[in-house]
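The values are calculated or read from the model by the stated rules, or taken from the named source; none is laboratory data. Quantities reported herein were computed from a predicted structural model and do not represent experimental measurements. Neighbour counts are summed over all protein chains in view; Cβ atoms, including those assigned to glycine, are modelled from backbone coordinates with ideal geometry. The area values use the complete protein model at the heavy-atom level, side chains included, leaving out ligands, DNA and RNA. Shrake-Rupley method; radii C 1.70, N 1.55, O 1.52, S 1.80 Å.
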Amino acid sequence: MEVRVRYAPSPTGLQHIGGVRTALFNYFFAKSMGGKFILRVEDTDRERYSDESLQDLYDTLDWLGIKWDEGPVVGGPYGPYIQSERFDIYKEYAEKLVRDGKAYYCYCTPERLEKVRQEQIASKSEYQGYDRHCANLTDEERADLEAQGIKPVIRLRVPTEGKTTFHDVLMGDITRKNKDVSPDPILLKSDGFPTYHLANVIDDHMMGITHIMRAQEWIPSGPLHILLYEAFGWEPPIYCHLPMVMGKDGQKLSKRHGSTSVRDFRAKGYLPEAILNYVTLVGWSLDDHTEFFTKEDLEKCFRMENIHKAPGVFDYKKLDWFNGQYIRQTDDEKLAALVTPYLQECGFISKEESEEEKKLVLSLIPSVKERMKVLSDVVPLTSFLFQDVPVTDKAVYVAKGSNEENTLQALEEGSQILLSSLKEGKAESEIEEALVALSQKLGIKINGVFQPIRVAITNSTVSLPLFDSIRLLGLEETEKRLGRAISFFKEN
């Protein structure tokens, strides 16, 4: 049996981490089994649909290097792969269920349905939901309702007795009493639009989907989908409901934890290799020690049995660490090209980027790549080279455990040691030893000397290594900024 899996998002919002993880799990499982990865666009929610969301879907998968074997754009033998182009198919199969007595036409108006709902609430009835008012209408009654111009919906006949069970690879057998399944849900709306459940089941069957890997939030829909498969007389696929993606606080990952859309991560400067690697590890592992995987590695080693039952925790700091590792593995010239747009956006270099600017950016890379967690970090790390905005708050210069008096002395004596040593061509290690000796003389920690010097030169407490900063800035400008900081301390 050829493995066939699908990623079937609804283009009603930007691609987020949870959805992308579902796509990656499906993709890597298909590839590791020599199967097919199908992309299907479930766009029947026309009120929330947006072209921007659809394009974001394509752009996200393309950025991650995930190519679908069948689907929109590339086509395939089971198309169309966009649900809004399959309405005739859904109508045909819904009407077949009516003919077979497995479904029926319902003419209830929204007003009547709301009245029933309010009555159920008022009576505190255990039974909540549609009251099956139209389940057994006669032909004459139906004809009379249609003569009034009422367009019916089609509802599934859900058995009121017995149980429905489906097997999940991770969770085992899941059973639900039929009386607890959504009572006679709508399959086809009066405007001809299918509901999610009808379209989903028909498409999965007609596209030959063998394994469904989807979020655990769809477990409650499992019994209903099995009932639909049974109504059609079809064999259901193998189910694997994926563990939720949680924040470190144990709650479902959401915007309150930070960015969740891949577009946001991409804009901030995360590399696709890092996102792909880390997100795949949120709820899956090969063993208890391997962390780094290329896309090609995962295409070979991903197995469904290695998916965890417990929710996966999305740790932003761990992602930063992963991204930093991938940044440091990136070739200098490639990294220079990746950070250039960030420098252009803030006006540090021109949009046209001259040859001189290209050389400048490339010269920054050896220093910045060791300090960056994301590509956008290049801006605060190098801003002191492109704009000079001196710090005018004494507290910023003063390191923990020091004071203003010691800080001024550290600036004066430290600057003299630093500048004279550099002019004499002394080694960096020798200069560092002299600055350490100065801190001991002043009775403060080493940062009490280095911090004010760093702030004076780079206008920030977070910067490139000191000697790299001086090399890029130039000795003349360095001397000027140190003198300015000393004057500021003396005059204020």
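Tabulated data
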{"quantity": "Filter result for HIS225 (open to solvent by 10 Å² or more (accessible area, probe 1.4 Å), assigned to a helix (DSSP H, G or I) and of a type outside the set (Gly, Ala, Ser))", "calculated": "no"}
{"quantity": "Residue within region 247-254 that is touching a helix residue (DSSP H, G or I) at 6+ places or on another chain (Cβ under 7 Å) and under 21 Å from ILE82 (Cα atoms) present", "calculated": "no"}
{"quantity": "Number of the exception - VAL378 against (1) open to solvent by 20 Å² or more (accessible area, probe 1.4 Å); (2) farther than 17 Å from PRO272 by Cα", "calculated": "(1)"}
{"quantity": "Tally of residues being without any contact (Cβ under 8 Å) to a residue 24 or more places away in the chain and polar (S, T, N, Q) across region 472-492", "calculated": "1"}
{"quantity": "Of all residues in region 179-207 being in contact with a Leu (Cβ under 7 Å, 6 or more places away or on another chain) and of a type in the set (Ser, Thr, Tyr), the one that is modelled with the highest pLDDT", "calculated": "THR195"}
{"quantity": "Residues being over 14 Å from ARG471 (Cα atoms) and either over 49 Å from the mean Cα position of the chain (by Cα) or aliphatic (A, V, I, L, M) (or both) - total across region 410-420", "calculated": "7"}
{"quantity": "Count - residues of region 152-177 that are among the aliphatic types (A, V, I, L, M), open to solvent by less than 30 Å² (accessible area, probe 1.4 Å) and in contact with a helix residue (DSSP H, G or I) (Cβ under 8 Å, 6 or more places away or on another chain)", "calculated": "3"}
{"quantity": "Only one of ARG176, ARG142 that is assigned to a helix (DSSP H, G or I) and touching a strand residue (DSSP E or B) at 6+ places or on another chain (Cβ under 9 Å)", "calculated": "ARG142"}
{"quantity": "Count of residues meeting criterion [open to solvent by 50 Å² or more (accessible area, probe 1.4 Å) and at positive phi] in region 44-76", "calculated": "1"}
{"quantity": "Some residue of region 182-197 being under 20 Å from TYR90 (Cβ atoms), over 30 Å from the mean Cα position of the chain (by Cα) and among the hydroxyl-bearing types (Ser, Thr, Tyr)", "calculated": "yes"}
{"quantity": "Residue list for region 18-43, filter: β-branched (Val, Ile, Thr) and surrounded by 21 or more Cβ atoms within 10 Å (Cβ to Cβ)", "calculated": "VAL20, ILE38, VAL41"}
